[in-house]
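Reading through the structure tokens given below for one structure.
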Amino acid sequence: MVFLLLSSVANADELRPAYLALQEVKTHTFTVLWKYPLNAKSINELTVIHPAGCEVQGEENRWFDELYVVSRWNLICENGLANKSLGVTGLDSTSTELLLRIEFLDSTTFVERLTPVRNSIIVPERPTLNGVIKSYFVIGMEHILTGTDHLLFVLCIMLLIKCNKNLLLAITAFTMAHSITLILATLGYISLNPVLVETLIALSIVFLAYEVIREHKGLSGLSARYPWSVIFIFGLMHGLGFAGALGELGLPQNDIPVALLFFNLGVEVGQLLFICCVMVLMWMLRILTRKRLDNLKPFPAYAIGIAASFWFFQRLTSLWS
């Protein structure tokens, strides 16, 4: 389990997507925001290919933002963007994916995901419902599968609860909780400092890892007595984290309920895939060792607790700065 955690951290740079956002500020005039991971390959090879009939106006502003290279410029497109090709070269050589967002004057928003295999698209006149469903479902699933902190929280739940029925109820409580705050925060009814939310998420993982260790020692903790209540409360925090990721993308104004629904479904499918993989791994270990794995619980719990403690203090420092 420790090697699996280390491998996910080692590959973190490869999982960071590039981000291209175009916002129409007046008819056929767009401001362009271009962000891509800061590494030697992306600097030399990732290039935005403007649609035919579009010209850059003024100078390009470029700066570095932590792990990204960020650029901004203005783009004038004769006759608009509809039915024109827009893409990025170099995705195939960097293994980087791209999140594309276009916001038009009428508040219509188009969101698409480009990959090394599919590095350009034809911009439609209006976003299609199928396109919204596919894009937000895949984005939701990828967000949970690349969100190490959320996955470690789910893993702690699996280590803490032995009975499959109670595990199902606990995961259901977590799902209900983060769905509530995801919807409320995305629609603007709740607003919290994103750094504070991420700090509390890290603290929730530390707490559950500690509870796993206490349970292994035969001590009855708060999570053992009220598992669904504790997990539900922490799930509310994780939902705010999901909402922060979704807020960066934005929602298509004409299909907000559909985008929200399928983003959440994507998160749930990714979560279930992770649970199934862990259960298969545990089953294989039991077969290979021919022993129960209960005595091994403290090892992943300590590893998770150490990693989450590091994140907590790192994020706490960012919160105070």
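How about region 158-170: which of its residues are of a type outside the set (Lys, Arg) and out of contact with any Phe, Trp or Tyr (no Cβ under 7 Å at 6 or more places or on another chain)? Met158, Leu159, Leu160, Ile161, Cys163, Asn164, Asn166, Leu167, Leu168, listed by residue number. Being within 29 Å of Leu184 (Cβ to Cβ) and surrounded by 17 or more Cβ atoms within 10 Å (Cβ to Cβ) is a condition met by at least one residue of region 283-306.
Answer yes or no as to whether Ala173 is out of contact with any Phe, Trp or Tyr (no Cβ under 8 Å at 6 or more places or on another chain) and small (Gly, Ala, Ser). I'd like the intermediate steps shown before the answer.
Numbers: out of contact with any Phe, Trp or Tyr (no Cβ under 8 Å at 6 or more places or on another chain): no; small (Gly, Ala, Ser): yes.
For Ala173, the condition - out of contact with any Phe, Trp or Tyr (no Cβ under 8 Å at 6 or more places or on another chain) and small (Gly, Ala, Ser) - is not met.
On inspection, Ile121 does not qualify as part of a strand (DSSP E or B) and buried (at least 19 other Cβ atoms within 10 Å of the Cβ).
Exactly one residue out of Phe274, Phe232, Phe242 is modelled with pLDDT of 90 or more and within 15 Å of the chain's Cα centre (by Cα): that is Phe274. Return the only residue of Ser223, Ser191, Ser135 being outside any helix (DSSP H, G or I), more than 21 Å from Gln314 (Cα to Cα) and modelled with pLDDT under 85. Just a single option satisfies the conditions, and that option is Ser191. With respect to Ile180, is the statement that it is assigned to a helix (DSSP H, G or I) and farther than 30 Å from Val48 by Cβ true? Here the answer is yes, as Ile180 does meet what is asked. Can you name the condition, by its number, that Arg113 falls short on among (1) closer than 14 Å to Tyr19 by Cβ; (2) of a type outside the set (Asp, Glu); (3) buried (at least 20 other Cβ atoms within 10 Å of the Cβ)? Tallying (1) closer than 14 Å to Tyr19 by Cβ; (2) of a type outside the set (Asp, Glu); (3) buried (at least 20 other Cβ atoms within 10 Å of the Cβ), Arg113 fails exactly one: (3).
Which one of Thr148, Thr108 is in the same structural domain as Glu24 (by TED's automatic domain parsing), surrounded by fewer than 22 Cβ atoms within 10 Å (Cβ to Cβ) and more than 18 Å from Thr47 (Cα to Cα)? So that I can check it myself, show each step before the final result.
Working: Thr148 fails: in the same structural domain as Glu24 (by TED's automatic domain parsing).
Every option except Thr108 fails the conditions.
The single residue among Thr172, Thr199 that is in contact with a helix residue (DSSP H, G or I) (Cβ under 6 Å, 6 or more places away or on another chain), in a helix (DSSP H, G or I) and surrounded by fewer than 23 Cβ atoms within 10 Å (Cβ to Cβ) turns out to be Thr199. For region 83-100, the set of residues classified as surrounded by 19 or more Cβ atoms within 10 Å (Cβ to Cβ) and in a strand (DSSP E or B) consists of Leu86, Gly87, Val88, Leu98, Leu99, Leu100, listed by residue number.
Of all residues being charged (D, E, K, R) and outside any strand (DSSP E or B) in region 44-82, which is surrounded by the most Cβ atoms within 10 Å (Cβ to Cβ)? Just the residue, please. First the steps, then the outcome.
Start the filter on region 44-82 by keeping residues that are charged (D, E, K, R), which leaves 45, 55, 59-60, 62, 65-66, 72, 78.
Next cut, outside any strand (DSSP E or B) only: 45, 66, 78.
Details: Glu45: 16, Glu66: 6, Glu78: 11.
Looking at the filtered set, the residue picked out is Glu45.
The values are calculated or read from the model by the stated rules, or taken from the named source; none is laboratory data. Source: prediction; values computed, not measured. Counting neighbours? That spans all protein chains shown, and the Cβs are built from the backbone with ideal geometry, glycine included.
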